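These notes are about the structure you will find just below.
The values are calculated or read from the model by the stated rules, or taken from the named source; none is laboratory data. Small disclaimer: the values here were computed from a predicted structure and weren't measured. Don't worry about glycine lacking a Cβ; one is built from the backbone with ideal geometry, like all the others, and counts go over all protein chains shown. Ligands, DNA and RNA are excluded from the accessible area calculation, which covers all protein heavy atoms including side chains. Shrake-Rupley method; radii C 1.70, N 1.55, O 1.52, S 1.80 Å.
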Amino acid sequence: MIRHRRLRQTAQLRNLVAEARVHPDMLMMPFFVADGEGVEEEIDAMPGVGRRSVDLLLPKIREVYDLGVRSVLLFGVPDACKKDAVGSEAANDYGCVQNAVRAIKKEFPQMVVACDICLCEYTDHGHCGLVKDGVILNDETLPHLAAAAVSCARAGADIVAPSDMMDGRVAALREALDRNGFHNVIIMAYSAKYASSFYGPFRDAAGSAPSFGDRRTYQMDPRGAREGMSELFSDVEEGADILMVKPALAYLDMLARASSATTLPLATYNVSGEYSMVKAAAQNGWIDERKVVMEMMTSFVRAGANIIITYFAADVCRWLKEDEAAR
Ligand code: PBG
């Protein structure tokens with residue numbers, strides 16, 4: 001008789017044959033950086049996640065660094081008065097994200113710092129590109145994204161991560177980065193990024209909800225799987241260094257496909273709505289947060305992720321340390 005249970009008898013045997021393992025090195029933690037000083041606001045739908053000005057962000061980074069987090073992804077939340085039609089503030093060398101990059105790199109030189117590159121947090125209409133007569137423009141948006149990426153590179157970012165979903169943005173960023181001497185700055189492309197309702201809490205956090213319409217003319221239709229592969233392949237061709245599938249949980253099939261069809265490192269983004277659902281259920285005592293989160297993280301690794309972007313990163317590091325101590 002074939003006895004599958006033979007290898008499941010003890011924790012040590014299960015550990016010995018385990019396939020997918022989660023490690024702190026693969027976790028990237030997102031942060032929202034606000035303008036000003038002394039700003040620390042909790043985000044209603046994301047308990048434990050806040051918007052902070054640089055002065056209060058640094059102690060938080062210290063806390064997660066001490067737990068083992070070694071990479072962060074920064075989002076800017078500029079004051080409303082700084083927003084305009086083309087998102088100029090995204091390319092301000094002294095904008096909130098650029099200031100945060102310099103401060104983090106100074107205090108934590110080992111920290112890998114990634115910057116989300118998009119206009120939606122910086123435009124007064126909340127779309128990820130320029131708008132004309134209600135249409136989101138593609139080619140006209142590219143120079144603005146490139147300028148934002150170069151500005152973040154100048155501040156010291158290791159990685160720029162375009163999340164806007166305009167066509168040709170990876171090539172435009174690569175060209176602009178190289179032209180400015182940043183040939184070693186890494187592009188992590190949000191390649192297969194779907195038009196998802198799981199981004200809801202993020203848009204409240206970042207103040208980036210579109211003022212009209214939705215993002216379905218640029219983010220992908222959730223019904224497309226082969227289409228997602230086209231997006232991934234074009235980002236490879238345009239020179240991306242790391243590919244991403246987003247969201248994570250409802251798109252694990254795309255992660256598995258990407259993992260077998262491409263050779264670049266793969267990231268997945270465990271997005272805001274996925275975080276909020278777990279938090280809400282845990283607060284109600286309906287699920288065991290730690291076990292559910294670890295099961296989710298394991299599923300991302302099993303599906304092929306090398307990098308997991310998650311608001312749970314610091315918790316996961318802490319839990320892994322506890323597991324190691326109890327081993
Ligand atoms: C910016 C951007 C979004 C997210 C990452 N970058 C929001 C959106 O596309 O509307 C979502 C992240 C999350 O939900 O945690 N374009």
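A full extension of the chain between Asn15 and Glu237 corresponds to an added length of 76.0 nm, given 0.36 nm per residue minus the alpha carbon distance. Across the range 96-186, the convex hull enclosing all Cα atoms gives 81 Å³ per residue. The alpha carbon centroids of the range 114-191 and the range 259-308 are separated by 26 Å.
Net length available on complete extension from Val292 to Thr217 is 23.6 nm, with 0.36 nm assigned per residue and the Cα-Cα distance removed. Under 5 Å from the amide H of His125 lies no amide H of any residue 5 or more positions distant or on a separate chain, with H modelled from the backbone and absent for Pro and chain starts. Give me the net charge of His4's neighbourhood, meaning all other residues with Cβ under 15 Å from the Cβ of His4; Lys, Arg count +1, Asp, Glu -1. Neighbourhood net charge equals +4. Each peptide among 78-90, 6-18, 210-222, 180-192 gets the average number of other Cβ atoms lying within 10 Å of its residues, and from highest to lowest they stand as 180-192, 78-90, 210-222, 6-18.
Our estimate of slack between Arg62 and Asn180, defined as 0.36 nm per intervening residue step minus the Cα-Cα distance, is 39.3 nm.
Per-residue 3J(HN,Hα) values for the range 294-311, derived from phi via the Karplus relation 6.51 cos²θ - 1.76 cosθ + 1.60 with θ = phi - 60°, read 5, 5, 5, 4, 4, 5, 5, 5, 4, 6, x, 6, 9, 10, 10, 8, 8, 5 Hz in sequence order (x marks Gly and Pro).
Restricting the calculation to Cα atoms, the chain shows an Rg/Rh of 0.97 when the hydrodynamic-style radius is the Kirkwood one. In order along the range 125-138, the phi-based Karplus estimate (6.51 cos²θ - 1.76 cosθ + 1.60, θ = phi - 60°) of 3J(HN,Hα) comes to 9, x, 8, 7, x, 5, 10, 9, 6, x, 9, 7, 7, 8 Hz; Gly and Pro are listed as x. Evaluating 6.51 cos²θ - 1.76 cosθ + 1.60 at θ = phi - 60° for every residue in the range 162-176, the Karplus couplings come out as x, 10, 7, 6, 6, 6, x, 6, 5, 4, 5, 5, 4, 4, 5 Hz, glycine and proline recorded as x. Can you find, among Met254, Met229, Pro265, the residue farthest towards the positive end of the dipole of the range 226-272? Put +1 on the C-beta of Lys and Arg, -1 on that of Asp and Glu. Most positive-ward Cα: Met254.
If you restrict to DSSP beta bridges whose two residues both lie in the chain, what percentage is antiparallel, to the nearest 5? Among the beta bridges of the chain, antiparallel pairing accounts for roughly 15 percent.
Run lengths n ≥ 4 of DSSP H only: what is the helix-derived mean residue ellipticity at 222 nm for the chain, with -39500 (n - 2.57) per run over all residues, to the nearest 500? The per-residue figure over the chain is -12000 deg cm²/dmol.
What is the diffusion coefficient of the range 51-149 in µm²/s, taking the Kirkwood radius over Cα pairs and the Stokes-Einstein relation at 25 °C with a viscosity of 0.890 mPa s? After rounding, the answer is 170 µm²/s.
Over all other residues within a Cβ to Cβ distance under 14 Å of Ala153, the charged ones net out to -1, with Lys and Arg as +1 and Asp and Glu as -1. For the chain, the relative contact order works out to 18 percent when only alpha carbon pairs closer than 8 Å and six or more residues apart are counted. The residue among Ala114, Ala103, His4 whose Cα reaches farthest toward the positive pole of the charge dipole of the range 1-122, with charges on the beta-carbon of Lys, Arg, Asp and Glu, is His4. Within the assembled protein chains, the solvent-accessible surface assigned to Tyr65 is about 40 Å², based on a 1.4 Å probe. Just to confirm a number: summing +1 for Lys and Arg and -1 for Asp and Glu over residues other than Phe108 whose beta-carbon lies under 13 angstrom from that of Phe108, what do you get? With Lys, Arg at +1 and Asp, Glu at -1, the neighbours total +2. Taking every Cα-Cα distance in the range 137-281 and sorting them into 10 Å bins from zero, the calculated P(r) comes out as 11, 39, 37, 12, 1 percent.
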